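Here is the structure we will look at.
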Amino acid sequence: MSDKVKPMSIEAPYGTIDLKMLEDFTSADGISGCEKEASRVMKSYLEGVADELRYDTLGSLIALKKGTGNGPKVMLSGHIDEIGFVVRSIDDKGFIRLAPVGGWWGHVLPAHPVTITTRSGKKYVGVIGSKPPHGMAPEVRSKVQEVKDLFVDLGVNSKDEVELLGIKPGDMVSPKSEFTVLANPNYLMAKAWDDRVGALIATDVLKNLKGVSHTADVYAVGSVQEEVGLRGAKTSTYAVKPDLGIALDVTIANDIPGAEPGSKMGVGITLAIQDGSHLGHRGLLAYLDDLAKELNLTVQYDTLLAGGTDSGEMHKAFDGVINCTVSIPSRYIHSHRALIHRKDYADTVTLLTAFVKRVDWALIETLRGSNR
Ligand SMILES: [Zn+2]
């Protein structure tokens, strides 16, 4: 027994979340185009839950939980790729120059560790080089470094040493950081919440359907290459041919000092009215809003003026798919460490589990009719 005075305890009221699963998903290295480590983690959690597990040709994982027969197809999509880099070149001293994959801001990168994964799967940790401030000219100090000027220091002497490690141009370079439960345990910090959190929610919804009778065929998709232009969203939508599709993705949490008004973490359900890639189906948004109220869940609405989600491709496949995005507000996305809130995660799983159980042809016809 400790004689120290315990601090006021802060409870995490959403304790049913499988933190090990969240850690496994976010720890996997999987930048756009190199997602198989992440998709294999998702697959491992859906074995014994899904009736069918397959991939599209780009590598998106498609898990199906069958309905009671001839029901509509509902697709929940979360992208499993994260932003990162590939090795662009290696100089004579063994410093590695980078080509970005996805949208980085140079400001968040210097002095951060990265993991380089070779084609044989070996992993090496390096650090993005940074200059100390001593004697730096003010105009240099105030400038944001361009990503193309950054380099990785692996702690080696020469290009020969890098080649001995098996590192080659094109190898994946991913952010390195640890999954961490913060002081108030509702706040979870990790890399790659954008958008492993969407793939996690789709996985948890499918897990909740185990042993439950439902009409619709429910698909949980871990889509690839979202960060470079919603590419896996397109191919996986064509593979599934859904009647209704919901993209799950992070949105910018505007609840930090100096931010514009906008979505906040810890509210519960965040319905996206629109982003740069799609306009949410009004009938579907209204249905989800009503369902959330019925379940006593709080809803906020999100509008993004730029950026896109898997919805951008999903809604315009074939002759159109009933579609919207359900968002998870997250602070510090597109950096080494982002935050999510357990309430947003748990409430979104609750809402979507209830929703997919209710989808039948009558609802699909009602929604189709709502914009005619
Ligand atoms: Zn992103």
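What the table below lists for this structure:
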quantity	calculated
Net charge, Glu227 excluded, C-beta distance under 10 Å - Lys, Arg +1, Asp, Glu -1	-4
Accessible surface, the range 1-154, averaged per residue in Å² (probe 1.4 Å)	55 Å²
Residue-count net charge about Asp160 - beta-carbon cut-off 14 Å; Lys, Arg +1, Asp, Glu -1	-1
The range 57-72 - phi-based ³J(HN,Hα) in whole Hz, Karplus 6.51/-1.76/1.60, Gly and Pro as x	6, 6, x, 5, 8, 10, 10, 10, 10, 6, x, 7, x, 6, x, x
In nm, spacing of pseudo-spin labels at Glu37 and Ile273 (7 Å Cα→C-beta vector)	4.0 nm
Net +/- balance of residues flanking Glu313 in space, Cβ distance below 13 Å, scoring K and R +1, D and E -1	-2
³J(HN,Hα), Karplus 6.51/-1.76/1.60, whole Hz, each residue of the range 339-353, x for Gly, Pro	10, 10, 10, 4, 5, 4, 5, 5, 5, 5, 4, 4, 4, 6, 5
Förster radius 41 Å - calculated FRET efficiency between Arg54 and Asp255 (Cβ-Cβ, nearest 0.05)	0.55
Accessible-area composition of the chain, carbon plus sulfur, in percent [1.4 Å probe]	53 percent
Alpha-carbon gyration tensor eigenvalues x 5, square-rooted, for the range 85-175, Å	24, 15, 10
Solvent exposure, largest accessible area first (probe 1.4 Å, DNA, RNA and ligands not counted), of Ser158, Ser311	Ser158, Ser311
CD proxy at 222 nm, helix term only [per DSSP H run n ≥ 4: -39500 (n - 2.57); per residue of the chain; nearest 500]	-8000 deg cm²/dmol
Counting DSSP beta bridges with both ends in the chain, the antiparallel % (nearest 5)	60 percent
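The values are calculated or read from the model by the stated rules, or taken from the named source; none is laboratory data. Because the structure is predicted, anything quoted here is derived from the model rather than measured. Quick reminder, even Gly has a Cβ in these numbers, built from the backbone with ideal geometry, and neighbours come from all protein chains shown. The accessibility values were calculated without ligands, DNA or RNA, using every heavy atom of the protein model including side chains. Shrake-Rupley method; radii C 1.70, N 1.55, O 1.52, S 1.80 Å.
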